[in-house]
Amino acid sequence: MDASRHRIMLAVLVVFTALSIGACAPVSVAPSFGSPVAPSSEPAAGASLSPAASPSPAFPVTLTDDDGNSVTIPSEPKRIVSLQPATTEILFAVGAGDRVVGKVEDIFPYPPEADGLPVVATYQGVDVEKVVGLEADLVIAGGNEGNPTEDIARLRSFDIPVLVVYPETVDEVLANIGLIGAAVGQDVEAEELVADLRLEIDAITAATADLPRGRVFYEIDATADIYGPADDSFLAEMIGRAGGTPITSGTTEFIPIPLEVLVTADPEIIVLGDAAYGVTPEIVAARPGWAVMTAVKDGAIRPADDVVITRPGPRIALGLADLAKAIHPDIALPTD
């Protein structure tokens, strides 16, 4: 898969439909403006834990995943397969990395210890036979076709517990960390991680609350068509929390944004999520038709680390800080 197609496929997975949080409404390129809501500290309903998390839960344990499935895990998993990059990171972060025996393809693998694990899936599908051959006793998959529904069904036909996660908001990312921790018997470690992340996220959100909220276009890809965040998406929420007013696609669907519509929205700041693929401020400024935008005229075109910003895992606070600094370069964050 070439780099352009890979990042578009990755964007489809990370630009979730979600509530936009962060004391601002998105600047939509169609007339659909979201209403701001206060950040919630409650776990998402779709990522509930059953039973409630407690130290070293006895197995079997039954959990409700983000698809609403009741998943029973008969004993503490010893051979775990992760079918999303974020869940791989979560498993290592909560102390279960030594039990991960297979993972999804990831061109930006993290942590480094996960790099040599057998690859059992790509963004096109899952090698079910390979997962079965690894004698997996737990699979953690991505919802909303992050992994094909038919592949998940096939895995379950082999009596392998499959937990599906699909966080649509920052709060749901944190809830999923707790859910995965409970699934692998690392609930205490997961709760501690969530508590730390919530403190960092809340501190960054508070630090940007009173700053000017410029119109921000986060460029996911512009190799051919122009892609940015969808309305009410996870990425739009991150921009809001980082102190910007997100320019979105005008729909909750992940669709290209016409250049003339982006020009009308007139971003004051352009954040280059595609910087890792060689896109530079100079390249953007030289594009036909882009010179009229305020961000281009002011030189406010700033690279950012797309992986940590858009990957819904344990580096989410680091991503939010990186995004806040791209929007407000002079900001001093408490997390620094």
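The values are calculated or read from the model by the stated rules, or taken from the named source; none is laboratory data. Just so it is clear, the model here is predicted, and its values are computed rather than measured. Every residue, glycine as well, gets a Cβ built from its backbone with ideal geometry; the counts of neighbours run over all protein chains shown.
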Being at pLDDT 95 or above and not polar (S, T, N, Q) narrows it down to one of Pro39, Pro60, so name that one. Pro60
Some residue of the range 155-169 being in a helix (DSSP H, G or I), among the aliphatic types (A, V, I, L, M) and farther than 13 Å from Val81 by Cβ: no
Expected single match for surrounded by fewer than 18 Cβ atoms within 10 Å (Cβ to Cβ), within 16 Å of Leu163 (Cα to Cα) and of a type in the set (D, E, K, R) among Asp98, Asp67 is Asp67
Considering Ala209, Ala276, which residue is surrounded by fewer than 23 Cβ atoms within 10 Å (Cβ to Cβ) and closer than 30 Å to Gly97 by Cα? Ala276
Residue under question is Thr169, and the condition is that it be of a type in the set (Val, Ile, Thr), over 13 Å from Leu91 (Cβ atoms) and at pLDDT below 95; does it hold? yes
Considering only residues that are in contact (Cβ under 8 Å) with a residue 24 or more places away in the chain and either assigned by TED's automatic domain parsing to the domain that holds Arg311 or among the charged types (D, E, K, R) (or both), which ones fall in the range 110-146? Lys130, Glu135, Asp137
Just checking, does the range 194-208 include any residue being assigned by TED's automatic domain parsing to the domain that holds Ile80 and outside any helix (DSSP H, G or I)? no
Which residue, of Thr149, Thr88, is more than 21 Å from Asp187 (Cβ to Cβ) and either assigned by TED's automatic domain parsing to the domain that holds Ala195 or at pLDDT 95 or above (or both)? Thr149
Filtering the range 114-133 for residues that are charged (D, E, K, R) and closer than 18 Å to Gly181 by Cβ leaves a count of 0
